Amino acid sequence: MLYQPHMTERLSPDRAGLARACALLRAGKLVAFGTETVYGLGADATNDHAVASVFVAKGRPHFNPLIAHYPDAEAAFAHVRATDMARQLADAFWPGPLTLVLRRADACPISLLASAGLDTQAVRVPAHADTLALLRAVGQPIAGPSANRSGQVSPTSAAHVLAELSGRIAGVLESGPCEVGVESTVLDISGDHPVLLRAGGITLEAIEAVIGPVAHTAPAAGVLRSPGLLASHYAPTLPVRLTATEMRADEALLAFGPPLPGAGLVFQLSAAQNLAEAAARLFAGLRWLDTQGQTRGLVRIAAMAVPSYGLGRAINDRLHRAAAPRA
């Protein structure tokens with residue numbers, strides 16, 4: 001075991017809190033931090049021991065790569081082979097919820113464990129002032145998968161992090177609720193043509209407006225080139241039933257627009273059917289329904305349909321993973 005149970009420090013995003021978070025990370029400890037997407041579980045990406053501790057704390061499969069976070073594009077591109085397309089995308093969307101998968105540079109210092117032994121590395125510049133300040137202070141890329149147990153619902157508040165990882169990590173930088181609420185879009189541009197690996201906070205339409213057509217493909221068997229590609233992922237304890245049009249007596253409802261008749265326990269993603277609002281509330285809603293539903297003896301979460309365009313594509317990706325059969 002690579003971690004020892006201890007008290008998780010709650011750190012404010014002020015000068016003292018950032019200094020403490022920086023010191024813990026430099027010492028190889030794990031510190032969760034808020035971004036515009038979800039809370040990440042931070043580790044020094046160049047420290048093999050620290051990266052291994054991430055997998056242990058999360059119970060995460062070792063073949064699932066980790067995203068490395070940087071304070072700016074040039075810092076990121078120092079560790080990967082940046083292409084003209086990469087720089088074009090960075091100019092358009094960084095800082096922001098877009099992760100780029102590129103070939104590792106020859107002298108890339110990131111732990112191969114963070115790359116799952118692949119010749120590529122996922123990199124991102126987050127759009128969150130506290131996180132950028134932390135990244136600048138640490139002076140190293142920070143590996144930052146979602147700060148939750150592997151396969152569980154991603155956290156969008158410090159309280160969500162503590163509910164699952166308290167005592168398993170050194171600290172959490174309490175940076176407030178996450179504005180976007182779903183993970184970053186992951187785009188593989190390591191080959192001849194760009195490939196969308198994961199829908200997320202930057203829409204496919206926005207990306208294609210910058211670089212043209214983007215391919216969609218499933219990963220090759222046994223190979224995961226980015227985070228978030230496991231079939232069963234982001235899953236609450238209660239099973240999820242998709243595209244519900246009627247309610248059953250033993251179900252809770254994840255609503256999008258007017259709730260279905262007969263629903264008792266309801267979490268509303270967006271009464272106005274606003275996709276940005278729904279994305280920001282998705283993981284909090286799944287967590288709340290899971291906890292409250294079990295308390296009330298319910299056996300399932302029924303999720304109403306969400307349109308599959310714009311951020312709806314990312315929402316549906318998460319819902320389908322939440323509903324996938326468990327291994």
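The values are calculated or read from the model by the stated rules, or taken from the named source; none is laboratory data. These figures come from a predicted structure and were not determined experimentally. Cβ coordinates were reconstructed from backbone atoms using ideal geometry, including for glycine residues, and neighbour counts include every protein chain displayed.
For segment 235-284: of the residues being charged (D, E, K, R) and part of a helix (DSSP H, G or I), which is surrounded by the fewest Cβ atoms within 10 Å (Cβ to Cβ)?
Only one residue fits best here, namely Glu277.
How do the pairs read when you match residues in segment 80-106 that are within 11 Å of Val125 (Cα to Cα) and in the same structural domain as Ala129 (by TED's automatic domain parsing) with residues anywhere that are among the polar types (S, T, N, Q) and crowded, with 20+ Cβ neighbours inside 10 Å, using Cβ under 6 Å and keeping only pairs 6 or more apart or on different chains?
Final answer for the pair search is Pro97/Thr37; Pro97/Ser184; Leu98/Ser184; Leu98/Thr185; Thr99/Ser184.
Hey, among Ser111, Ser115, which residue is touching a residue at least 40 places away in the same chain (Cβ under 8 Å) and out of contact with any helix residue (DSSP H, G or I) (no Cβ under 7 Å at 6 or more places or on another chain)?
One residue alone meets the criteria, Ser115.
Out of the residues in segment 291-327 that are of a type in the set (D, E, K, R) and closer than 17 Å to Leu254 by Cα, which is surrounded by the most Cβ atoms within 10 Å (Cβ to Cβ)?
Among residues in segment 291-327 that are of a type in the set (D, E, K, R) and closer than 17 Å to Leu254 by Cα, the one surrounded by the most Cβ atoms within 10 Å (Cβ to Cβ) is Arg318.
In segment 183-202, what residues are among the aliphatic types (A, V, I, L, M) and either outside the structural domain of Pro126 (by TED's automatic domain parsing) or closer than 12 Å to Leu102 by Cβ (or both)?
Those that are among the aliphatic types (A, V, I, L, M) and either outside the structural domain of Pro126 (by TED's automatic domain parsing) or closer than 12 Å to Leu102 by Cβ (or both): Val186, Leu187, Ile189.
Suppose we filter Gly212, Gly228, Gly171 for residues that are at pLDDT below 90 and outside the structural domain of Ile315 (by TED's automatic domain parsing); which single one remains?
Of Gly212, Gly228, Gly171, the one residue that is at pLDDT below 90 and outside the structural domain of Ile315 (by TED's automatic domain parsing) is Gly228.
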